[in-house]
Amino acid sequence: MIVTFYKYQGTGNDFIMIDNRLGGFPKADNELISFLCDRRFGIGADGLILLEEDNSAHFKMVYYNADGNPGSMCGNGGRCIVAFAKFLGIITNKAEFSAVDGLHVATITNGIISLQMQDVTEIMAKPNCLFLDTGSPHHVQMVVNLDAFNVLQEGAKLRYGIYGEEGSNINFVEQTADNNFSVRTYERGVENETLSCGTGVTAVAIGMNYWGKTNGDKVNIHTKGGNLSITFNKVSERYENIWLEGPAKQVFKGKIEI
């Protein structure tokens, strides 16, 4: 079977995109998905995303981690699939799609994709860190000298040591200005540092506001893969109208035999 795929990246977070509206892709084959995401033996990506039909929205997003297992919500992947849907002619400049955590709305303006994230209703404060869910679970921790920080070692230690087999994504943060932060993320499912994590930077933006590190309703985040911005409304202890904004680009198209 020959499969046509597209490669997309959103601030360096890269994904294999497949148009599965006809339902032909063997998505129950986790070993195949893991192989396709392998950077040496397959195509190479942080995850694989299927675009499928949906009766109540423009399309459905089905996301798999690089280890081949179904994943929770992926913010950068969500922005990339919106760009993919526009490329396929499914949408123009606005989309509504379903994902594992519910419906999402997105807009496209001059190549920049803004994705509405789910509301955050609960933040757990732990010693020196926060835990919250932005569609995926996230640990947020401030560090000094982020550039030199061993994200792989410390991220793996926290991912398994605190959160067990199910795990959490681990975000390390350093403030660079009033509303600006640098972030590096260890992602579960990839089991490594990625160049950017959309739900992660969203968690950081909300966490920094919750901690009083910034009072603004727009936070700018620098990742190794580029820059993202997050806007939100804080209503009491609840965060609503959360938008993740940044670029998403098609890298190449190819065919592979599976």
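Values in this text are rule-based calculations from the coordinates and carry no lab data. These figures come from a predicted structure and were not determined experimentally. Note: ideal-geometry Cβ built from the backbone for every residue, glycine included; neighbour counts use all protein chains shown.
Side notes on the structure shown:
- Per-residue ellipticity at 222 nm, computed for the chain from helices alone with -39500 (n - 2.57) per DSSP H run of at least four residues, works out to -5500 deg cm²/dmol.
- When you work out D = kT/(6 pi eta Rh) for region 191-258 at 20 °C and 1.002 mPa s, using the Kirkwood radius from C-alpha pairs as Rh and the Stokes-Einstein form, the result is 156 µm²/s.
- Calculated on the Cα set of region 123-247, radius of gyration then Dmax: 13.2, 37 Å.
- Summed residue charge, Cβ within 13 Å of Ile113's Cβ, Lys/Arg positive, Asp/Glu negative: +3
- Electrostatic tally near Gly102: other residues with Cβ closer than 13 Å to its Cβ, Lys and Arg +1, Asp and Glu -1, net -4.
- Over region 30-78: Rg over Rh, Cα atoms, Kirkwood Rh: 1.03
- By the beta-carbon count within 10 Å of each Cβ, the least crowded to most crowded order of Thr199, Thr231, fewest first, is Thr231, Thr199.
- Sequence-distant lysines (8 or more away, or on other chains) whose Cα lies within less than 29 Å of Lys86: Lys7, Lys27, Lys60, Lys94, Lys218, Lys224, Lys249, Lys253, Lys255
- Stokes-Einstein, applied to the Kirkwood radius of region 89-146 over Cα pairs at a viscosity of 1.002 mPa s and 20 °C, places its translational diffusion at 152 µm² s⁻¹.
- Estimated FRET transfer efficiency (Asn233, Asn69; beta-carbon r; R0 35 Å; 0.05): 0.55
- Spread of Cα-to-Cα distances over 5 Å intervals beginning at zero, given as percent, for region 16-133: 2, 11, 20, 20, 18, 14, 9, 5, 2, 0
- Over the C-alpha trace of region 70-185, radius of gyration and Dmax come out as 16.5, 48 angstrom.
- Radius 10 Å from Cβ of Lys7, net charge of other residues (Lys, Arg +1; Asp, Glu -1): +1
- Annotation for region 161-258: GluC sites (Glu not before Pro) lying in DSSP loop with at most 10 further Cβ atoms inside 10 Å of their Cβ are Glu165, Glu166, Glu237.
- Counting every C-alpha pair in the chain, the share spaced more than 34 angstrom apart comes to 13%.
- Debye, to nearest 20: dipole size of the chain, +1 on Lys, Arg Cβ, -1 on Asp, Glu Cβ: 580
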